[in-house]
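All remarks here apply to the structure that follows.
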Amino acid sequence: MWIDTHCHLDAHEFGDESVAQAALARQQGVGMIVIPAVETANFPVVAQLAAGVDNGCYALGIHPIYVPQAAEDDLRVLREQVAAAMADDRFVAIGEIGLDFFIPMLTEPAMREKQVFFFREQLKIARDFELPVLMHVRRSQDVVLKHARQIRPAGGIAHAFNGSFQQAQGYIELGFKLGFGGAMTFTRALQIRRMAAELPLDAIVLETDAPDISPSWIHPGRNSPDQIPRIGQVLAELRGLSLAEVAAATTANARAALPRMVRFGEN
Ligand SMILES: [Zn+2]
């Protein structure tokens, strides 16, 4: 069995195919797909989508790219909906949250400050409910690590990891796993491939970030969660392991990062 630890299955790129995509992934052995929210407006959408497929679970959070249009009251809404979702087996984490210092509009001083405020407040919600976080980290590795060290949520995943060994070590010390996906499938991605090959296996989880970050054999087409086994094959080749070893290890790691998922999807 495989787990896709990060998939925007509700994205408009999937049109009315979201449920069919989950079923297709399940046929390929993807027993669980983690669907992160991006803004309060799609909280009910990800919850309903996760409930409507055999292999779905979800996270609630405000994505840094949605911070410009977010209001402070959205944090109250998040806290309330998290409290309610604690009764839902399919709810597994706070996410997607983080800091994006790549997109120019998000790097202006006032917007950097607003991003940091939303990130910290959401880390506090995760800490208060003892929930893991799914983190978006773009040109912001050390700043994300600084705030995570101060607030200390219950671990989680640094998604689409693209940092250094030292930064990887920082996440691992905080109890985080590192998400690897389509970027690792490009032979020119030397740094990411070296990380995937050399980091401790128990720190690695697989993800598609579908419909984005398509692997080399689809690029630039739409990514989908059924690609996880083939992405796992790339990791197996990079590490000199069998496909079964990579499936077992990354599945165990995902369950360790998202403990609420253990009670669910036993197959
Ligand atoms: Zn994402």
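Worth pointing out:
Every residue, every condition in (1) modelled with pLDDT under 95; (2) under 29 Å from S140 (Cβ atoms); (3) within 16 Å of the ligand (Cβ to nearest atom); (4) in contact with a Pro (Cβ under 7 Å, 6 or more places away or on another chain), yes or no:
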site: I3; (1), (2), (3), (4): no, yes, yes, no
site: E13; (1), (2), (3), (4): no, yes, yes, yes
site: A23; (1), (2), (3), (4): no, no, no, no
site: R26; (1), (2), (3), (4): no, no, no, no
site: A51; (1), (2), (3), (4): no, no, no, no
site: P64; (1), (2), (3), (4): no, yes, yes, no
site: A71; (1), (2), (3), (4): no, yes, no, no
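- Residue check: I62 meets all listed conditions (1) under 13 Å from P225 (Cβ atoms); (2) in a loop (DSSP other than H, G, I, E, B) but one, namely (1).
- Yes/no for I97 being touching a Ser or Thr at 6+ places or on another chain (Cβ under 7 Å) and either open to solvent by less than 10 Å² (accessible area, probe 1.4 Å) or among the hydroxyl-bearing types (S, T, Y) (or both): no
- Restricting A37, A50 to residues that are over 25 Å from V144 (Cβ atoms) and open to solvent by less than 20 Å² (accessible area, probe 1.4 Å) narrows the list to A50.
- Unmet criterion (only one of (1) within 16 Å of the ligand (Cβ to nearest atom); (2) surrounded by 23 or more Cβ atoms within 10 Å (Cβ to Cβ)) for A126: (1)
- Which listed residue is within 29 Å of R90 (Cα to Cα) and under 16 Å from the mean Cα position of the chain (by Cα), from P200, P211, P215: P211
- Among the residues here, D16 does not qualify as under 19 Å from M261 (Cβ atoms) and in a loop (DSSP other than H, G, I, E, B).
- Cβ-Cβ under 6 Å pairs, at least 6 apart or on other chains, the stretch 229-250 side in contact (Cβ under 8 Å) with a residue 60 or more places away in the chain, far side part of a helix (DSSP H, G or I) and of a type outside the set (G, A, S): G232/V246
- Subset of the stretch 204-220 (residues that are polar (S, T, N, Q) and within 16 Å of the ligand (Cβ to nearest atom)): T208, S214
- For R139, the criteria (1) away from the ligand (no atom under 16 Å from the Cβ); (2) surrounded by fewer than 23 Cβ atoms within 10 Å (Cβ to Cβ) hold in every case but one, which is (1).
- Among residues of the stretch 148-161 that are in contact (Cβ under 8 Å) with a residue 12 or more places away in the chain, those with a beta-carbon under 8 Å from a residue that is within 16 Å of the ligand (Cβ to nearest atom) and among the acidic types (D, E) at least six positions away or on a different chain give the pairs I157/E207; H159/E96; H159/E207; H159/D209; A160/E207; A160/D209.
- Scope the stretch 142-161; condition more than 21 Å from A59 (Cα to Cα) and either among the aliphatic types (A, V, I, L, M) or within 11 Å of the ligand (Cβ to nearest atom) (or both); matching residues: V143
The values are calculated or read from the model by the stated rules, or taken from the named source; none is laboratory data. The structure presented is a predicted model; accordingly, all values stated were derived computationally and were not measured. Here the Cβ is made from the backbone with ideal geometry for all residues, glycine too, and neighbour counts use every protein chain on show. Surface areas here come from the heavy atoms of the whole protein model, side chains and all, with no ligands, DNA or RNA. Shrake-Rupley method; radii C 1.70, N 1.55, O 1.52, S 1.80 Å.
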